[in-house]
Amino acid sequence: MSLPKLFAVALLSASVAFSQSPDGTITGIVLDAQTGRAIAGAEVAINGQTGGLNKTDSEGRFTIAVPEGSYTLGFSAENYHDVRLTDVAVSPGEITEASTVMANLSVVTSIDVVESATAVGATAQAMLIEQKLAPVVSDSLSHEELAASTSSDAAGALEKVTGVSVVGERYVYVRGLGERYSAAQMNGALMTTTEPEKRVVPLDLFPAALIENLRILKTYSPDLPAEFSGGLVQMQTIAKPALLRHLFALAAHYPAQILSYNKMLGQLQDAGNTVTLAAYLRLLETAFLASGLELYSRAQIRKRGSSPKLILWNNALVNAPSLKSYAEAFADGAWWGRLVENAVGAHLLNHLQGPQWSLGYWRDAGEEVDFVVSHGAHTSAIEVKSGRSGKTSGMGAFRRRYPKAKLWLVGETGIPLAEFFSRPAAEWFS
């Protein structure tokens, strides 16, 4: 991507707040947990309201326009137990899904029960109920399952589905039948292929981070398009594009800093959830815009549960929205230090690509190392010095924890920054 385009992307992310509508929309469907039928006339209360309640239509659907914020939804219907959804986050101009299921009083023990769940969990439960009671044989993958997998695109994610074959890492065949028997939909519309000599749609074109859910229908019903007889892949995309831009703007505001996902949610006014933020951060990385470095640890569980360190792939993405002149940036010691550290991190990200390289950071009991590079059995710890005061005690603590690691000091009293940037990073650490 050229530098002018990078500036344009950064400026767009900085100005997006002015283009959003003031209200968001909460929508969903209420189903019977026993039969899967839609519940018409169910009342939907927002934050405990008692009057002027919204009701579901004949298909069990509801749509409510509300200002930005986090809400608690209460569902009640005659002959059903009440349900409460918490942490329903609404962003300006976006659609938030808040579907749920309700248990009939006749099939539940007669005690006072109020079911409570988050919007994300309830939507996943409704999706499972819909799959169980669907008139056709189907499988599905939720956004949470896609985010937890290692697949980067829709084709890779569908490899885990029973009865689905992925050919050439991009073409999906259902029940072993060829391309003429399969079709694909996105948001309810049939997709055409980009291949001139094939009918099947290459699903490796669609990043998994942008998919809300995937449904694979293996049998036909009259309400489906007559374009397939073997299988239909239905893809629903995430309806939060503004959150992706806001996350990028947040990364540009906090370069080379460690932020927990919960703190990011606070900065983003509780829009989305931690799973969505992690998926969006991976999506920004695939676009070579921003990365969230993981904590270096030999324990994989601790590594995956760590707070990310935000690094932008080019300092132009930081400087454009900051609107600081060179003199102002240099005079601000803390900001200048983050710029220098982000520049080193960007150099490492741009050159240390491939499965043989791993880049992270290290922090333990108040001690910190800016970057940790792993290459096979070799580990290198890197501390960046911008010429301002700062501690390097983390290097000693890291050496005590990992005696075989190499230590590198970049910047003041170490490798000059100009020399470090003049050579590909792989030459330093190979």
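The values are calculated or read from the model by the stated rules, or taken from the named source; none is laboratory data. From a predicted model like this one, the values you see are computed outputs, not experimental measurements. Positions of Cβ are backbone-derived with ideal geometry, glycine not excepted, and every protein chain shown enters the neighbour counts.
What pairs come up if the first residue lies in segment 203-225 and is over 21 Å from E94 (Cα atoms) and in the same structural domain as A183 (by TED's automatic domain parsing), the second is of a type in the set (S, T, N, Q) and outside any loop (DSSP other than H, G, I, E, B), and their beta carbons are under 7 Å apart, counting only those six or more places apart or on different chains?
R215/S138; R215/S140; R215/Q234; I216/S138; L217/S138; L217/Q234; K218/S138
Select from segment 29-48 the residues that are under 30 Å from the mean Cα position of the chain (by Cα) and part of a loop (DSSP other than H, G, I, E, B) and write down the one among them that is nearest to G74 (Cα to Cα).
If we take residues in segment 29-48 being under 30 Å from the mean Cα position of the chain (by Cα) and part of a loop (DSSP other than H, G, I, E, B), then N47 is nearest to G74 (Cα to Cα).
Against the definition (free of Cβ contacts under 8 Å to residues at least 40 places away in the same chain and buried (at least 19 other Cβ atoms within 10 Å of the Cβ)), how does V200 come out, yes or no?
Taking the combined requirement at face value, the residue satisfies it.
Pull up segment 31-44, narrow it to residues that are crowded, with 19+ Cβ neighbours inside 10 Å and out of contact with any Phe, Trp or Tyr (no Cβ under 6 Å at 6 or more places or on another chain), then point me to the one that is nearest to S91 (Cα to Cα).
L31
Hey, can you tell me all the residues within segment 153-169 that are crowded, with 18+ Cβ neighbours inside 10 Å and not acidic (D, E)?
Scanning segment 153-169 gives A154, A155, G156, A157, L158, V161, V164, V166.
When only residues in segment 172-196 that are of a type outside the set (G, A, S) and either assigned by TED's automatic domain parsing to the domain that holds E97 or surrounded by fewer than 13 Cβ atoms within 10 Å (Cβ to Cβ) (or both) count, which is farthest from L214 (Cα to Cα)?
Checking each candidate, the answer is P196.
On the basis of being within 20 Å of Q257 (Cβ to Cβ) and over 29 Å from the mean Cα position of the chain (by Cα), does F330 make the cut?
yes
Here is a list: A98, A77, A124. Which entry is modelled with pLDDT under 65 and surrounded by 15 or more Cβ atoms within 10 Å (Cβ to Cβ)?
A124
In segment 61-74, which residues are surrounded by fewer than 17 Cβ atoms within 10 Å (Cβ to Cβ) and over 21 Å from the mean Cα position of the chain (by Cα)?
R61, T63, A65, V66, P67, T72
Please go through (1) in a loop (DSSP other than H, G, I, E, B); (2) among the β-branched types (V, I, T); (3) within 19 Å of E294 (Cβ to Cβ) for T413 and return the number of the only condition it doesn't satisfy.
(3)
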